[in-house]
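Working notes, beginning with the structure itself.
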Amino acid sequence: MSEYEDAVAAHYGAQDLLQQIDAGLTAAGADLNHLTLKDLAPVDEFHIGGREATEYAVSKMSLSAGDQVLDVGCGLGGAARYVAAEIGCSVAGIDLTPEYIEVAEVLTARLDLSAALRLETASALDMPFADNAFDAAYSFHVAMNIRDRAGLYREIARVMRPGGTLLIYDVMKTGAEDIVFPVPWSETAETSFLTSPEETKSLLEEAGFSVDEVEQRREFAIQFFRRRLGGNTSDGPPPPPPLSLHLVMGETWREKFKNTLENTEAGRIAPVQMIARR
């Protein structure tokens with residue numbers, strides 16, 4: 001990996017993550033021996049909107065049982081497990097952070113989905129797959145950490161079959177002002193590489209994709225962060241539930257959420273969903 005890829009992996013890495021998730025599951029009343037997709041959804045969907053956003057995005061992809069699907073930047077594997085379990089696809093997921101893949105494999109095995117998922121630690125710029133391997137691909141909140149955006153889209157195009165659907169759901173630059181850090185995907189500007197929707201569309205087209213749909217989800221994001229942050233009381237802000245993204249993001253989760261809400265409300269950024277065809 002390059003130096004900045006090492007920095008990205010370090011940003012997302014967490015010690016004892018599985019143990020923390022297990023403790024959160026137990027505190028939330030889940031049975032560790034009989035887990036469901038719903039049990040894991042509060043912690044294994046690390047993007048704005050969580051499971052709700054995943055369901056919406058996947059509904060736009062026209063996937064069918066048996067499709068070979070690629071998850072670029074799969075994190076803890078929540079979206080990949082959803083696609084495998086709910087639609088019947090075979091999903092290959094890659095992520096730069098080894099801890100995420102290790103935990104994802106354990107959680108996948110607990111849901112008896114290992115036969116449907118292939119999870120690997122790898123760079124999205126050099127994926128360990130053959131040309132034309134996938135019927136469809138998606139990437140949720142990954143490109144913000146990738147400096148070589150043109151290389152990313154060329155690599156995704158390489159492994160997709162002609163006619164396949166690509167869905168990307170990323171935070172994009174929507175204003176001229178610099179954003180306030182830290183944010184969930186980066187502590188500083190050193191590992192944050194935002195592009196505008198217009199720039200992203202152009203890069204996708206240069207990689208051989210035809211962009212069919214562009215949807216900005218600013219209001220959806222604002223409501224998501226307001227719900228997660230809650231309102232202050234006389235005793236200060238409410239604590240997070242036992243199982244939530246604070247386990248993945250660490251002690252600074254609230255500051256990162258507040259900054260992302262501020263950046264979104266100020267018009268500097270917004271999550272944008274794009275659907276493209278190979």
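The values are calculated or read from the model by the stated rules, or taken from the named source; none is laboratory data. Everything numeric here is computed off the predicted structure, so don't read it as measured data. Cβ sites come from the backbone with ideal geometry, for glycine too, and all protein chains shown count toward neighbours.
GLU187 passes all but one of (1) out of contact with any Lys or Arg (no Cβ under 6 Å at 6 or more places or on another chain); (2) surrounded by 20 or more Cβ atoms within 10 Å (Cβ to Cβ); which number fails? GLU187 satisfies all of (1) out of contact with any Lys or Arg (no Cβ under 6 Å at 6 or more places or on another chain); (2) surrounded by 20 or more Cβ atoms within 10 Å (Cβ to Cβ) except (2). The single condition from (1) in contact (Cβ under 8 Å) with a residue 40 or more places away in the chain; (2) farther than 16 Å from ALA270 by Cβ that GLU205 fails is (1).
Contact annotation: residue pairs with Cβ atoms under 9 Å, 6 or more positions apart or on different chains, pairing a residue in the range 234-246 that is among the polar types (S, T, N, Q) with a partner that is modelled with pLDDT under 95 and not in a loop (DSSP other than H, G, I, E, B), are SER244/ARG228.
Those residues that are in contact with a Lys or Arg (Cβ under 9 Å, 6 or more places away or on another chain) and within 24 Å of VAL272 (Cα to Cα), I need them from the range 229-252; list them, please. Passing the criteria: LEU229, SER244, LEU245, HIS246, MET249.
Determine which single condition LYS173 fails, assuming it passes every other condition in (1) out of contact with any helix residue (DSSP H, G or I) (no Cβ under 9 Å at 6 or more places or on another chain); (2) surrounded by 15 or more Cβ atoms within 10 Å (Cβ to Cβ). Every condition holds for LYS173 apart from (1).
Specify the residue that is nearest to ALA189 (Cα to Cα); the eligible residues are those in the range 263-278 that are of a type in the set (Val, Ile, Thr) and in a strand (DSSP E or B). Walk me through it before giving the result.
Within the range 263-278, the first condition is being of a type in the set (Val, Ile, Thr), and the residues that meet it are 264, 269, 272, 275.
Cutting the leftovers down to in a strand (DSSP E or B) gives us 269, 272, 275.
Numbers: ILE269: 14, VAL272: 20, ILE275: 27 Å.
In this case the residue turns out to be ILE269.
For the condition touching a strand residue (DSSP E or B) at 6+ places or on another chain (Cβ under 9 Å), assigned to a loop (DSSP other than H, G, I, E, B) and either surrounded by fewer than 17 Cβ atoms within 10 Å (Cβ to Cβ) or on the phi < 0 side of the Ramachandran plot (or both), what is the one hit in LEU194, LEU204, LEU166?
On the way: LEU204 fails: assigned to a loop (DSSP other than H, G, I, E, B); LEU166 fails: assigned to a loop (DSSP other than H, G, I, E, B).
Going through LEU194, LEU204, LEU166 in turn, the sole match is LEU194.
Condition first: on the phi > 0 side of the Ramachandran plot, at pLDDT 95 or above and not polar (S, T, N, Q). Can you find one or more residues in the range 24-41 that meet it? Yes, the range 24-41 has at least one match.
Looking at the range 54-79, which of the residues that are more than 12 Å from the chain's Cα centre (by Cα), assigned to a helix (DSSP H, G or I) and not aliphatic (A, V, I, L, M) is farthest from ALA115 (Cα to Cα)?
First, the residues of the range 54-79 that are more than 12 Å from the chain's Cα centre (by Cα): 55-56, 58-70.
Going one step further and asking which of them are assigned to a helix (DSSP H, G or I), we end up with 55-56, 58-59.
Remaining after also requiring not aliphatic (A, V, I, L, M): 55-56, 59.
Working: GLU55: 22, TYR56: 25, SER59: 23 Å.
Only one residue tops the list, namely TYR56.
Could you identify the single residue in SER64, SER139 that is of a type in the set (Ser, Thr, Tyr) and either closer than 20 Å to LEU204 by Cβ or touching a helix residue (DSSP H, G or I) at 6+ places or on another chain (Cβ under 7 Å) (or both)? Of SER64, SER139, the one residue that is of a type in the set (Ser, Thr, Tyr) and either closer than 20 Å to LEU204 by Cβ or touching a helix residue (DSSP H, G or I) at 6+ places or on another chain (Cβ under 7 Å) (or both) is SER139.
Conditions tested, residue by residue: (1) modelled with pLDDT under 95; (2) small (Gly, Ala, Ser); (3) surrounded by 15 or more Cβ atoms within 10 Å (Cβ to Cβ).
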{"residue": "ASP212", "(1), (2), (3)": "no, no, no"}
{"residue": "GLU219", "(1), (2), (3)": "no, no, no"}
{"residue": "LEU243", "(1), (2), (3)": "no, no, yes"}
{"residue": "ALA276", "(1), (2), (3)": "no, yes, yes"}
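Pairing each residue of the range 259-278 that is under 17 Å from GLU205 (Cβ atoms) with any residue that is surrounded by fewer than 20 Cβ atoms within 10 Å (Cβ to Cβ) and polar (S, T, N, Q), provided the two are 6+ apart or on different chains, yields C-beta distances under 7 Å for VAL272/GLN216; ALA276/SER210; ARG277/SER210.
From the residues in the range 228-262 that are part of a loop (DSSP other than H, G, I, E, B) and of a type in the set (Asp, Glu), which one is nearest to GLY175 (Cα to Cα)? Step through it out loud before you land on a result.
Taking the range 228-262 as the starting set, the residues that turn out to be part of a loop (DSSP other than H, G, I, E, B) are 230-232, 234-235, 237-245, 250-252.
Applying the additional criterion that residues be of a type in the set (Asp, Glu) yields 235, 251.
Values: ASP235: 36, GLU251: 29 Å.
Only one residue fits best here, namely GLU251.
When LEU76, LEU70 are screened for being in contact (Cβ under 8 Å) with a residue 60 or more places away in the chain, farther than 23 Å from TYR153 by Cβ and not polar (S, T, N, Q), only LEU76 passes. Do we find a residue being crowded, with 20+ Cβ neighbours inside 10 Å, farther than 22 Å from ARG161 by Cβ and of a type outside the set (Phe, Trp, Tyr) anywhere in the range 81-91? Yes, some residue in the range 81-91 is crowded, with 20+ Cβ neighbours inside 10 Å, farther than 22 Å from ARG161 by Cβ and of a type outside the set (Phe, Trp, Tyr).
Annotation: ASP6 fulfils all but one of (1) in a loop (DSSP other than H, G, I, E, B); (2) more than 30 Å from VAL211 (Cβ to Cβ); (3) modelled with pLDDT under 95; the unmet one is (1).
If a residue has to be assigned to a strand (DSSP E or B) and farther than 15 Å from MET61 by Cβ to count, how many in the range 80-105 make the cut? I'd like the intermediate steps shown before the answer.
Of the residues in the range 80-105, the ones assigned to a strand (DSSP E or B) are 90-95.
Imposing the further condition that a residue be farther than 15 Å from MET61 by Cβ reduces the set to 92-95.
Here the count works out to 4.
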